[in-house]
Structure formats: C-alpha cells, structure tokens
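Okay, so here's the structure we're looking at.
The values are calculated or read from the model by the stated rules, or taken from the named source; none is laboratory data. Just so it is clear, the model here is predicted, and its values are computed rather than measured. No Cβ is skipped: glycine too gets one built from the backbone with ideal geometry, and neighbour counts run over all protein chains shown.
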Amino acid sequence: MATLPVSSTLLAAIDAAVDRAAAALAQAQRPDGHWVFELEADCTIPAEYVLLRHYLGEPVDSVLEAKIGRYLRRIQSADHHGWGLFHAGAFDVSASIKAYYALKMIGDDVDARHMVRARAAILQAGGAEAANVFTRIQLALFDAGPWSAVPTMPPEIILLPRWFPIHLSKMSYWARTVVVPLLVLCALKPVARNAKGIKVDELYTGRPAHRKTQAADPKWLWTLGFNGLDRLLKGVDGLWPRKLRQRAIEACKAWVTERLNGEDGLGAIYPAMANSVMMFDLLGYAPDHPQRAIARQSVENLLVIHEEEAYCQPCVSPVWDTALAAHAMMEAGGEANEARAEAALDWLTLRQILDVEGDWAEERPGVRPGGWAFQYNNHHYPDLDDTAVVVMAMDRAQVADRGPIDRGVEWTVGLQSKNGGWGAFDADNAYDYLNNLPFADHGALLDPPTADVSARCVSMLAQLGEPLDSPRMAAAIDYLRREQEPEGSWFGRWGVNHIYGTWSVLCAFNAAGLDASDPAVAQAVGWLKRIQNEDGGWGEDCASYALDRSGHAPAPSTASQTAWAMLGLMAAGEVDSDAVERGAAWLADRQEADGLWGQEHYTGGGFPRVFYLRYHGYPKYFPLWAMARYRNLKRSNPRRITVGM
C-alpha cells in the first residue's frame with residue numbers, strides 16, 4: 001500500500017498521542033472490564049428530578065438540592081438568560097420553565113437576578129402557555145397549570161386492538177415506556193403532595209398559547225382529525241364506564257410491572273422511570289413496596305454527584321461506551337491494549353439478551369433474541385446499533401466462541417425493515433401519521449429506519465462477509481443511496497449530525513467494497529472536505545437538526561466530530577489527503593494533559609430538535625481511534641483496519 005510522506009514530526013506526535021490516550025483510557029476501565037462515562041442531557045432531567053422528590057413529598061435533601069441548584073445556575077445562558085437544549089444552544093421555553101420551577105422549589109428567591117432574567121425570557125417567549133406537552137403535564141401535576149391544557153390520553157388506549165390506527169406497538173420503545181404510566185397519571189389527575197405548595201403563576205401571560213410542533217412533516221388533515229378527537233375525548237372525560245377504566249388501569253400497571261427491569265428501571269430511561277414511580281405512588285403503593293421501591297432506586301442510580309455540583313443523567317451508556325472503547329483499544333494495538341479490549345468483550349458477552357422476546361417481537365414474531373441493550377440491563381429493548389458494534393468488535397478480536405456473533409447477526413437481520421434499512425429498536429416503526437397526535441408535539445414518537453443505524457448494520461454484515469449482491473445487502477445499500485442528502489452527506493439521527501451520518505455510511509460502503517470511484521462516495525468526500533474548519537478540525541452545531549433540513553450548521557471544531565470526519569475520509573481512501581493530515585494535527589495539538597480531549601459541545605442526538613446528549617466518553621475514545629487508524633494506515637498495517645467501522 002503506497003502512502004504519501006507525512007511529516008516525521010507529526011507522526012511522532014501522533015505516536016505519542018496514541019500511547020498517552022490509550023493509557024488514559026485504560027485507567028478509566030472498570031475492574032470487571034467495562035467502561036461507562038457520564039451521559040449528560042439538558043437542564044430538564046435534573047430539574048424534573050428535583051420536582052419528582054417534591055411531588056412525592058420526600059424529605060428535602062438540602063445538600064443534594066444545593067448541588068443541583070449550582071449546576072442549573074451554571075448552565076443558565078449568559079446571553080438569553082434562559083436554558084437551551086445543549087451547550088451554547090438557543091433559548092428553549094419548556095426547558096427554561098422546568099429549570100426555573102426547580103430552582104424556585106429548591107428555594108431560590110424569585111427576585112434574585114438570575115430568576116428575574118429567566119422569568120423575563122420565559123414571558124417574552126409566550127410564558128407557560130407556550131410550553132410543550134410534557135412540561136404542561138409537569139405543571140398540572142403540581143396544580144401549577146390546568147389539566148385542560150394537556151391532550152387527553154385515556155388509559156383505554158392500552159386495550160385497543162393492534163389493527164387500530166393508534167396502538168402502543170406502533171410507537172417507539174421510548175414513547176411506549178413513557179406513555180403507559182403517564183396514561184394512569186393523566187386519567188386520575190393527581191396533585192403533588194409537596195408541603196410547600198409552590199407554583200409558578202408568575203410565568204403565565206394570560207394570553208392564548210402559540211405552540212409549535214417539532215414533527216418533521218405534519219399533515220394538516222391528520223392534525224385536524226386528531227385535534228377533533230381530543231376535543232371529543234375531553235367532552236366525554238369522566239363518562240367512561242368504571243369497570244372499563246379500572247380494567248385499563250390494571251392493564252397499564254401490569255404492562256409496567258412486566259418491564260420494570262429491576263434497578264435499571266422501566267425502559268432504562270429517566271422519564272419512563274420517574275413516571276413509573278409516580279404511577280405506583282398514585283395507585284397506593286407504599287414507599288417500601290418492592291415494585292415502587294425498586295423503581296424509585298432506579299432513578300437514584302442515574303445521579304452524578306460531584307463535590308460542588310450534581311445532576312441526573314437521562315440514562316447510562318455502558319454497553320455503547322464499552323464496545324466503542326474496545327474498538328479504539330484494538331486500533332491502538334499492543335498486547336496491553338488488546339488485553340483490555342478482550343476483558344471488555346468478556347463483559348459484553350455476559351450481557352447479550354438471549355432469553356427475552358422484547359416488544360420488537362410483536363412486529364417480528366419468530367425471530368430469536370440475540371441483541372445487546374444500550375444500558376446495563378434493558379432486556380425488553382435491545383438496540384440494533386449497539387448489537388452491530390459489539391458484533392464487529394468480537395469479530396475483530398477473533399473471539400473463539402462465535403455463538404454470540406451468530407445470534408447477534410441472526411437477530412439483526414431479522415429486524416431489517418421493508419425499505420431495506422434498520423431502526424434502532426423495532427422493524428418498520430414508521431407510522432408517520434402518529435406524529436400528528438396532540439401529545440406528540442416533540443415529533444419523536446416513532447423509530448423509523450435511519451441512515452446511521454442502517455450503516456452500522458451494513459458494516460457488520462459486510463465485515464462478516466455478506467456478499468454485496470445478496471438480497472438483504474442490496475436492499476440496505478439501495479436504502480442508503482436513497483437517503484443521501486443533495487449536497488452529499490447523510491443525516492445522523494443519533495449523533496450530530498451530518499458528520500456523524502456521513503462517517504457511518506462511508507465506513508459501511510468501504511466495508512461493502514464500494515470505493516472512491518462510486519459517485520455517492522466521491523460526493524460525500526467532497527462534502528466533508530468543504531465543511532472542514534480553517535483550524536483543521538470539524539464541528540457541527542445541534543441546530544443542524546432544523547425542521548427545514550437545511551444541512552450542516554457550522555460550529556467550532558470538536559474532538560469527536562473531527563475523529564468521525566477523519567474516520568469517514570480514511571474509509572473512502574483519503575488517508576493521504578491534506579484534510580486528514582490537518583485533522584490529525586488538530587487532534588494532536590489539542591490533547592490535554594491527562595492524555596484525553598475535552599469537549600463541552602453536545603455531539604449526541606436524543607431526539608432531533610428537542611433532546612440532545614453530551615457523551616463524556618466521545619472525546620476520549622473516538623480521537624484515539626482516529627489517530628491510531630491514521631498511524632496504522634500510514635505505516636501500512638491493514639490488519640487493524642479491515643473492519644466495518
């Protein structure tokens with residue numbers, strides 16, 4: 001393999017950077033072999049955690065509340081005086097209402113400067129009337145807002161047959177787990193038992209609300225129909241047959257109980273977990289009742305408590321972190337690093353889900369389970385993205401037991417959607433009309449196939465030798481071609497955004513044998529080079545998820561996005577390009593004293609336009625991975641890079 005000369009000084013710097021980063025990453029590995037890093041969302045999760053404690057009337061933990069208060073005040077914007085959905089993000093009225101309410105509940109004086117400024121910004125944006133559905137529910141639970149402002153969600157939904165247009169199985173896993181306990185809350189309309197009785201009347205303007213949906217492509221006819229249905233349901237509220245209502249509530253309770261998931265919680269995500277606690281409380285379960293107690297503990301397990309500050313995570317990411325860190329360590333090479341990766345794979349092997357048919361089986365009965373979840377445990381909801389990455393790591397390490405690989409592949413191919421792509425948790429979860437429901441104003445009710453997850457599945461199949469012309473591979477490649485944006489990028493659903501999606505697909509195309517001569521590859525390479533920042537790195541703002549799909553939103557360079565761009569370009573045969581060399585130099589120059597990289601910018605996607613994630617592990621393992629690959633390719637060491645990622 002011929003390569004162009006690269007500065008010996010740069011290559012030496014990269015050697016040193018790789019060694020330091022690998023050593024630092026090794027130090028972060030847990031004794032049992034896994035990695036897990038903090039997963040930070042916006043202000044809403046810690047704010048909701050504070051409100052949950054007060055809703056339940058629990059004793060005030062003044063030390064913890066003080067730490068959460070300091071966290072919320074620190075991330076308040078100095079520019080717009082409210083709270084955004086990501087670092088340096090624009091003002092968000094719903095997030096700001098929750099943060100303001102939590103700070104008031106903690107005891108902040110409403111006349112304090114930060115509260116006055118936040119209140120003014122909220123009122124300027126339309127006040128509490130402009131809040132999204134889930135914020136209006138939060139307010140109603142404290143009698144701080146009317147239940148009439150909340151779309152009606154009768155619990156009888158859970159009794160509907162599957163052929164009915166509105167059915168739980170047609171929603172995404174996260175929507176299901178959040179909504180089912182919420183159906184009970186919205187039916188019985190409880191009021192918080194906090195002794196303070198604190199409300200936020202000062203956030204209301206008294207003017208009609210002007211709310212906007214975040215759904216990507218709302219249809220006026222569906223919206224009109226669902227809004228009419230909501231008015232009808234409000235008109236008959238209270239007239240439901242008592243036995244039918246009780247049967248529906250019992251069905252909701254049974255559904256939650258079956259999926260309670262131990263101390264990892266319902267769906268292993270905070271909103272569902274918190275709703276399950278409130279549901280059990282409302283149904284009269286004592287705090288020491290086993291189901292309520294374990295649900296409550298699952299919430300506590302999400303806390304990150306530092307010396308001065310604390311916050312609550314939306315979930316945890318150990319399987320994802322461990323699989324990706326293992327890839328990075330294998331890329332770095334050397335006996336010690338490869339031993340670390342092997343220990344990680346041993347830990348991952350034990351977490352394969354082989355004995356639970358999760359909700360995915362409703363759409364694909366007969367497919368044997370075999371995936372991995374994102375969190376420590378989430379047996380009803382394995383993740384196709386995680387599964388593909390774990391399988392590729394195991395294959396890369398040439399593990400002796402191919403059983404886990406075979407079962408992972410079997411489950412993955414069983415969940416390929418009809419259009420050739422893959423969603424994250426379900427097959428064919430693309431009932432777009434449901435995003436027009438009044439309580440779906442977040443526009444994230446569904447889990448349709450996406451380019452990034454599909455690319456990972458293609459990478460996995462190609463790495464394992466799937467022929468390019470096999471029916472399932474041909475359908476997947478065709479899907480990815482159709483998904484390419486006009487300028488050459490791919491939309492990244494689970495990472496920010498076009499850089500993430502383009503990295504994912506270029507790696508998949510490379511693994512499948514599509515080289516730089518392919519027009520789709522050439523167009524993507526040209527796009528990545530055009531958006532490179534002057535400093536040599538790459539960056540993209542979360543605003544790139546705009547409703548108008550306007551494309552890449554320029555932003556300061558970040559370590560993780562620079563790594564993704566480099567990996568994508570190298571997969572397309574661009575290792576000798578000036579763009580990749582400048583990216584490597586950017587990373588080498590910005591490595592911190594601890595051997596890793598810092599990054600405050602959010603580069604993870606939760607739900608486009610409404611929820612973003614800061615993976616604290618991303619600037620730790622992705623730059624190591626990219627720099628080690630650059631070094632390996634420059635030194636003609638293809639053994640470490642003949643993988644799908």
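Spot the failing condition for R493; the list is (1) touching a strand residue (DSSP E or B) at 6+ places or on another chain (Cβ under 7 Å); (2) surrounded by fewer than 24 Cβ atoms within 10 Å (Cβ to Cβ); (3) basic (K, R), and only one is missed.
Evaluating R493 over (1) touching a strand residue (DSSP E or B) at 6+ places or on another chain (Cβ under 7 Å); (2) surrounded by fewer than 24 Cβ atoms within 10 Å (Cβ to Cβ); (3) basic (K, R) leaves (2) as the failure.
Need the failing condition index for E335 against (1) of a type outside the set (A, V, I, L, M); (2) without any contact (Cβ under 8 Å) to a residue 40 or more places away in the chain; (3) surrounded by fewer than 17 Cβ atoms within 10 Å (Cβ to Cβ); (4) in the same structural domain as V180 (by TED's automatic domain parsing), just the number.
(4)
Being in contact (Cβ under 8 Å) with a residue 24 or more places away in the chain, surrounded by fewer than 16 Cβ atoms within 10 Å (Cβ to Cβ), in the same structural domain as S454 (by TED's automatic domain parsing) and farther than 16 Å from F622 by Cα narrows it down to one residue among G536, G513; which is it?
On the way: G536 fails: surrounded by fewer than 16 Cβ atoms within 10 Å (Cβ to Cβ).
Being in contact (Cβ under 8 Å) with a residue 24 or more places away in the chain, surrounded by fewer than 16 Cβ atoms within 10 Å (Cβ to Cβ), in the same structural domain as S454 (by TED's automatic domain parsing) and farther than 16 Å from F622 by Cα holds for just one of G536, G513, which is G513.
Of the residues E58, E48, only one is in a helix (DSSP H, G or I) and among the acidic types (D, E); which?
Details: E58 fails: in a helix (DSSP H, G or I).
Every option except E48 fails the conditions.
In the list A427, A361, A400, which residue meets the criterion of being under 19 Å from the mean Cα position of the chain (by Cα) and small (G, A, S)? Let's see the steps before the verdict.
Numbers: A361 fails: under 19 Å from the mean Cα position of the chain (by Cα); A400 fails: under 19 Å from the mean Cα position of the chain (by Cα).
Residue meeting the stated conditions: A427.
Looking only at region 252-262, which residues are among the hydrophobic types (A, V, I, L, M, F, W, C) and surrounded by fewer than 17 Cβ atoms within 10 Å (Cβ to Cβ)?
Taking region 252-262 first, the residues among the hydrophobic types (A, V, I, L, M, F, W, C) are 252, 254-256, 260.
Answer for region 252-262, where residues must be among the hydrophobic types (A, V, I, L, M, F, W, C) and surrounded by fewer than 17 Cβ atoms within 10 Å (Cβ to Cβ): just A254.
Can you tell me which residue within region 373-413, out of those that are of a type in the set (D, E, K, R) and not in a helix (DSSP H, G or I), is farthest from A332 (Cα to Cα)? Before you say what the answer is, go through the steps one by one.
Here is the first cut: in region 373-413, the residues of a type in the set (D, E, K, R) are 383, 385-386, 395-396, 401-402, 406-407, 410.
Filter once more, so that each one left must be not in a helix (DSSP H, G or I): 383, 401-402.
Details: D383: 27, D401: 24, R402: 24 Å.
Filtering first and then ranking leaves D383.
Give me the residue from region 384-428 that is buried (at least 24 other Cβ atoms within 10 Å of the Cβ) and charged (D, E, K, R) and, out of that set, nearest to R351 (Cα to Cα).
D386
Is it the case that region 598-614 has a residue that's at pLDDT below 95 and either among the basic types (K, R) or outside the structural domain of A23 (by TED's automatic domain parsing) (or both)?
yes
Give the residues of region 241-257 that are touching a residue at least 60 places away in the same chain (Cβ under 8 Å) and closer than 23 Å to P382 by Cβ, sorted by residue number.
Restricting attention to region 241-257, the residues satisfying the condition of being touching a residue at least 60 places away in the same chain (Cβ under 8 Å) are 244-245, 247-249, 251-253, 255-256.
Those that are touching a residue at least 60 places away in the same chain (Cβ under 8 Å) and closer than 23 Å to P382 by Cβ: W255, V256.
Would you please list the contacts, defined by Cβ atoms under 6 Å and residues six or more apart or on different chains, that run from a residue in region 167-190 that is assigned by TED's automatic domain parsing to the domain that holds I269 and surrounded by fewer than 22 Cβ atoms within 10 Å (Cβ to Cβ) to a residue that is of a type in the set (D, E, K, R) and part of a helix (DSSP H, G or I)?
Final answer for the pair search is L168/R176; S169/E362.
R176 versus (1) under 30 Å from H380 (Cα atoms); (2) at pLDDT below 90; (3) not β-branched (V, I, T): which is the lone unmet condition?
Evaluating R176 over (1) under 30 Å from H380 (Cα atoms); (2) at pLDDT below 90; (3) not β-branched (V, I, T) leaves (2) as the failure.
State which residue is nearest to N497 (Cα to Cα) when the search covers only region 439-469 and only residues that are aliphatic (A, V, I, L, M), assigned to a helix (DSSP H, G or I) and modelled with pLDDT of 95 or more.
As a first pass, look at region 439-469 and keep what is aliphatic (A, V, I, L, M): 440, 444-446, 451, 453, 455, 458, 460-462, 464, 468.
Restricting the remaining residues to those that are assigned to a helix (DSSP H, G or I) gives 440, 451, 453, 455, 458, 460-462.
Okay, now just the ones that are also modelled with pLDDT of 95 or more, so 451, 453, 455, 458, 460-462.
Working: A451: 11, V453: 13, A455: 14, V458: 19, M460: 21, L461: 24, A462: 24 Å.
Among those residues, the one meeting the criterion is A451.
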